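Below is one structure, written out as structure tokens; the observations come after it.
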Amino acid sequence: PARYFDTRTTEPISFFLSGLEELLAWQPNSNDEFNVSAVPLAKRQPPLLSKRPRTLVCHDMRGGYLEDRFIQGSATRNPYVFYHWRYIDIFVYFSHHTVTIPPVGWTNAAHRNGVPVLGTFITEWTDGEKMCEAFLAGGEEAYRAVSDQLARIAQHYRFDGWLVNMENTLSAAAVGNLPPFLRHLTAQVHSAVPGGLVIWYDSILQNGTLRWQNELNEENRVFFDACDGLFTNYNWKEENLERTRGLAGSRHTDVYVGIDVFARGDVIGGGFDTDKSLRLIRQHGLSAAIFAPGWVYEHLGEENFLQNENKFWGLLAEYLPTHSICTLPLATSFSLGMGTSRFLAGKEEEAGPWYDLSAQQIQPLYPEHEGRLSTSCCLQDAWCGGSSLRVQGTIPPSEERVAVRLFSLQMPAPPKLFLTLLYKLEGPHLDEFTVALELTTWDSGTCHEGNVTSLPEPNSRHHPRFLPAPPPGLAKLLAACDRGSHGWTSRCYELDLQDCSLRDLSLLVSRHQPSPQETPFTCLLGEIRVLDAASVAASPPQVQSVTASQLWWQ
């Protein structure tokens, strides 16, 4: 069937549904199992429902379902990837098909990094008008059938809800049923999908007229009240934000003020001036919806995409509250789910471009300090996957070391941690530097390292003890403690903590000799792991009843 498999290569592909008939006829099918997300949504702190202003990213690129539709990956050169997950709260996959089911690679990558993914339900132009007439003006049974199907689809493919975007005029009968349709859809999604969301796009007024408001007001409030949030249109000014904030009351973080990165129409700022729009939105305590950040890729070109992407998000970082990891184990090789080669254990296994978002690993913070520190993706060398993390910076004069914050953490520390690190220093004077890991804990009167007699560390900074060889029983898991390969250095550490709460994981680069000059360094990170010793020691559950289906031998 052409919907599930590419007609040219027969590979499984992600797909959309067109029109009301296809939506109502949809049911789970053994051919679409490839399209079900295999990665549960990771927990993070603070949770989505905290009252902190949120950031939604709406991905709209050339009609959608490009190379990202190939579920098992493709040999794409310079593909579009997103990896600033620590800075955002919600990811929406957008296209102009009636029912946009997010390609499963996006859902897997987002979930691994703790970000929920929404599909899009859209009606537009005269076809949209006819469709709305059919299911909204048709009464309760008709609109409930649609909302039940949408909730079922999200549940089946394991994504997290819907952006509802109606861009056509509605009759009086249809608009009368729109709030109950949204209420029912929201209730169904909440019960079918834990943490599910339904967000309404600002387009229609309560009398059925199509007129974008660029704010929350009495004309569109009835739809906001019926679901989890409002995504406003892009042509707002500061007075729209003031009115929105006043009317939204305690739900001000449920209003996602739209920013079109392509800066179409009369907007405050897009492109590399997106921060101007974002700053105003945050001044009014509202959430933001960043539409089409693929501008970086489409407008500035594919060649320097990764560099431009880091610049774009670096300019916004001040206004993007970050998220913390709150579960162990934490293990990542930093791979973006693409590459120009595939690496395993530091060795290039296969040359040639590849793209597979499901293979994207947990992504760090990408700290940037103008001229002093930058973190970026290195495609030329990796420990595992397609890339490593390049950390470049300088140790200032008369300072011994610099700490580069890679992950924010928020969880109670287990009594014993194992940490592993694979790194490679680049450039001259390699023997002048030592590379290690540093964990910080939240200040508390009770937290201390090791046994009861040891003193608390200053500023709650902990430097795990180096393990020259893996402890007995863990040799298999920590096999690479004392041996790297292909120029990579491997290190294992242990840390005993009592009554502590983990805060940050940083890379520590130190120089052996103090110096009146600043010393530049470049370090590639191939893999980092933070493991709870107790769960590592426990034997893993046995895998049972393995089955294989959909095999095609070539």
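Structure notes:
- About the centre of its Cα atoms, the chain shows a dipole size close to 940 debye [charges on the beta carbon of Lys, Arg (+1) and Asp, Glu (-1) only; nearest 20 debye].
- Among 379, 468, 365 - extreme Cα towards positive end, dipole of the stretch 330-535, charges at beta-carbon: 468
- For residue 237, the aspartates and glutamates whose Cα falls under 17 Å of its own Cα, not counting residues fewer than eight places away in the same chain, are 202, 215, 260, 266, 273, 275.
- Each residue of the stretch 203-210 was assigned a 3J(HN,Hα) from its phi angle through the Karplus curve 6.51 cos²θ - 1.76 cosθ + 1.60 (θ = phi - 60°); the sequence is 9, 9, 8, 5, 8, x, 5, 8 Hz, with glycine and proline shown as x.
- Reachable lysines from residue 130, criterion Cα separation under 25 angstrom, eight or more residues apart if same chain: none
- Per residue, the stretch 330-535 exposes an accessible area of 45 Å² to a 1.4 Å probe, with every protein chain left in place.
- Counted charge near residue 228, where neighbours are those whose Cβ lies closer than 10 Å (Asp, Glu -1; Lys, Arg +1): 0
- Straight Cα distances below 30 angstrom link residue 424 to the lysines 311, 347, 416, 476, with same-chain residues fewer than 8 positions distant left out.
- The stretch 30-76-the stretch 114-134 distance, computed between alpha-carbon centres (Å): 18 Å
- Spatial separation of Cα centroids for the stretch 297-334 and the stretch 239-264, in angstrom: 24 Å
- The chain - percent of accessible surface contributed by carbon and sulfur, probe 1.4 Å: 51 percent
- Relative contact order (%) - the chain, alpha-carbon pairs under 8 angstrom, separation at least six: 13 percent
- Sparsely packed loop sites in the stretch 1-60 (the trypsin sites (Lys or Arg not before Pro) outside DSSP H, G, I, E and B with at most 16 other Cβ atoms within 10 Å) comprise 3, 8, 43, 51.
- Helix 172-192 and the longest principal axis of the Cα set of the chain meet at an angle near 30°.
- Angle in degrees between helix 305-316 and the longest Cα principal axis of the chain, rounded to the nearest 10: 80 degrees
- Where the stretch 185-275 is the region considered: accessible area per residue in Å², 1.4 Å probe: 37 Å²
- 0 to 90° range, to nearest 10: angle between helix 238-248 axis and the chain longest Cα axis: 80 degrees
- Shape of the stretch 330-535 from the C-alpha gyration tensor: oblate (a/c of 1.5 or more and a/b not above b/c, with a ≥ b ≥ c the square roots of its eigenvalues).
- Taking Lys and Arg as +1 and Asp and Glu as -1, the other residues whose beta-carbon sits under 13 Å from that of residue 88 total +3.
- Comparing 285, 168, 42 along the charge dipole axis of the chain, the residue lying farthest to the positive side is 42, per the Cβ-charge model.
- For the chain, the ratio of Cα radius of gyration to the globular rule of thumb 2.2 N^0.38 Å stands at 1.03.
The values are calculated or read from the model by the stated rules, or taken from the named source; none is laboratory data. In this text the structure is predicted, and so the values were computed from the model without any measurement. Reconstructed Cβ throughout: ideal geometry from the backbone, glycine too, with neighbour counts over all protein chains shown. The area values use the complete protein model at the heavy-atom level, side chains included, leaving out ligands, DNA and RNA. Shrake-Rupley method; radii C 1.70, N 1.55, O 1.52, S 1.80 Å.
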